[in-house]
Amino acid sequence: MLSGPTARIDLAALAHNWRALAALHPDAETGAVVKAEGYGLGAAQVSHALLEAGCRTFFTAYAEEGAEVRAALGPEPLIYALNGPDAGNLPVYQDAALRPVINTPEQLALWKADAPSRPAALKFDTGMNRLGLRAENAGDIAQQTAGMQITHIFSHLACADEPASAMNAAQLDRFKAVLAHFPGAPPSLANSAGTGLGADYGQALTRPGIALYGGGEPPAGADIKPVVTITARILSVHHGLPGESVGYGATARLTTKRTLATVAYGYADGLPRSLSNKGFGVLGDVRCPILGRISMDLTTLDVTEAGEAARPGARVEFIGPNAPLEEQALSAGTLGYELLTGIGPRVERIYVD
Ligand SMILES: *Cc1c(COP(=O)(O)O)cnc(C)c1O
């Protein structure tokens, strides 16, 4: 459906970003987080490109996502499911040779009863209060897991994207106290932002996600390239006259004659409605403001400054090298993570190398 919006995914830039993150921690293994359909870009395709770049350890949230990655990558790479096992998904771990990340006493009991000899990682909560075994129980957990095949000890940083935050060092200290109970078990702490916090945070295995896909603030020292370019097609170009309004709710009023273009792209495609009267699309090299409310399938832009480039059939860039992901996300009151994972099913993913 090339008349609809497209997301062009640059797999060479993705591979470049993985290598750039790996170079920050040459003594650690660099994995790749490919949960939520590879941050909206296609789990099978991005995982395959990362495997070719040299990645050997992948992370999904659900076991079912891990099974999809296993089918795409074959038997060799390690695949961890971060959400861990439950009574319903144990066969998925078995069939797809996945490793769980064990986050709760209940998950530990379940895995111990079902598959005590199969490899698993343990995750400890060192300050997120989200998911993970309690750090103060590390001694007990070490006793309970003696004889099990514990491959890694994980934790997760709450404030890695704020390098000056005291939380980072505090979590690192708490993590070290946990690790003292698991001598020899390789630790893993850093997400994308964590890879920019210095050598101490690399540990044995890093778990970058968003930076691979060109989002977030680039970790210090890493040259991160944009990966995704979203464009949508102009359906109609017309003039709007002074006194007229644009879109539902008539929230934009014209005071002068403007050239308006209506584009086949709306909130059903992942363009956040909160960018109504705020965001922009790029036509040629001109930033054209979004006028009025974004609707489900359509968005209207003021393309007056774009001149001849504004014609039906022309494509407007909404995310990409000329329309930075995080800048659009900030205007929408959100993060690049949400924009990428919200790319709708009608947006055709086109992979280029
Ligand atoms: C999602 C996730 C990551 C990746 O985080 P990014 O900020 O996208 O790099 C790493 N570790 C865990 C436990 C996660 O849930």
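The values are calculated or read from the model by the stated rules, or taken from the named source; none is laboratory data. Predicted model, so just to flag it, every value in this text is computed and none were measured. Because the Cβ atoms are built from the backbone with ideal geometry, glycine has one as well, and the counts that use them run over all protein chains shown.
Keeping to the range 258-283, report how many residues are within 25 Å of the chain's Cα centre (by Cα) and assigned to a strand (DSSP E or B).
3
On the phi < 0 side of the Ramachandran plot, modelled with pLDDT of 95 or more and surrounded by 23 or more Cβ atoms within 10 Å (Cβ to Cβ): does that describe P208?
So P208 passes the test.
Yes or no, residue by residue, for (1) within 16 Å of the ligand (Cβ to nearest atom); (2) free of Cβ contacts under 8 Å to residues at least 12 places away in the same chain; (3) within 17 Å of the chain's Cα centre (by Cα):
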| residue | (1), (2), (3) |
| --- | --- |
| K176 | no, yes, no |
| G184 | no, yes, no |
| N191 | yes, no, yes |
| G194 | yes, no, yes |
| V227 | yes, no, yes |
| L235 | no, no, no |
| G240 | no, no, no |
| T256 | no, no, no |
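Each row is one residue, and each column tells you yes or no for (1) modelled with pLDDT under 95; (2) in contact with a Phe, Trp or Tyr (Cβ under 7 Å, 6 or more places away or on another chain); (3) surrounded by fewer than 17 Cβ atoms within 10 Å (Cβ to Cβ).
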{"site": "V101", "(1), (2), (3)": "no, yes, no"}
{"site": "P105", "(1), (2), (3)": "no, no, yes"}
{"site": "P119", "(1), (2), (3)": "no, no, yes"}
{"site": "A135", "(1), (2), (3)": "no, yes, no"}
{"site": "T145", "(1), (2), (3)": "no, no, no"}
{"site": "L179", "(1), (2), (3)": "no, no, no"}
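Determine the pairs where a residue that is touching a residue at least 12 places away in the same chain (Cβ under 8 Å), located within the range 1-21, has a partner that is surrounded by fewer than 21 Cβ atoms within 10 Å (Cβ to Cβ) and assigned to a helix (DSSP H, G or I) with Cβ atoms under 8 Å apart, the partner being 6 or more residues away or on another chain.
As it stands, the answer is I9/Q45; L11/Q45; L14/A53; A15/E52; A15/A53; W18/A53; R19/A53, since those pairs meet every condition given.
Against the condition farther than 22 Å from V46 by Cα, assigned to a strand (DSSP E or B) and β-branched (V, I, T), how does I153 come out, does it pass? First the steps, then the outcome.
Working: farther than 22 Å from V46 by Cα: yes; assigned to a strand (DSSP E or B): yes; β-branched (V, I, T): yes.
Against the criterion (farther than 22 Å from V46 by Cα, assigned to a strand (DSSP E or B) and β-branched (V, I, T)), I153 qualifies.
So which residues in the range 32-57 are part of a loop (DSSP other than H, G, I, E, B) and away from the ligand (no atom under 13 Å from the Cβ)? Reasoning before the result, please.
Step one: of the range 32-57, the residues part of a loop (DSSP other than H, G, I, E, B) are 34, 40-42, 54-56.
If the condition is that a residue be part of a loop (DSSP other than H, G, I, E, B) and away from the ligand (no atom under 13 Å from the Cβ), then G42, G54, C55, R56 are the ones that fit.
Only one residue in G284, G266, G307, G313 is of a type outside the set (A, V, I, L, M, F, W, C), surrounded by fewer than 24 Cβ atoms within 10 Å (Cβ to Cβ), at pLDDT below 95 and within 15 Å of I234 (Cβ to Cβ), so which one is that?
Numbers: G266 fails: at pLDDT below 95; G307 fails: at pLDDT below 95; G313 fails: at pLDDT below 95.
Testing whether each residue is of a type outside the set (A, V, I, L, M, F, W, C), surrounded by fewer than 24 Cβ atoms within 10 Å (Cβ to Cβ), at pLDDT below 95 and within 15 Å of I234 (Cβ to Cβ) leaves just G284.
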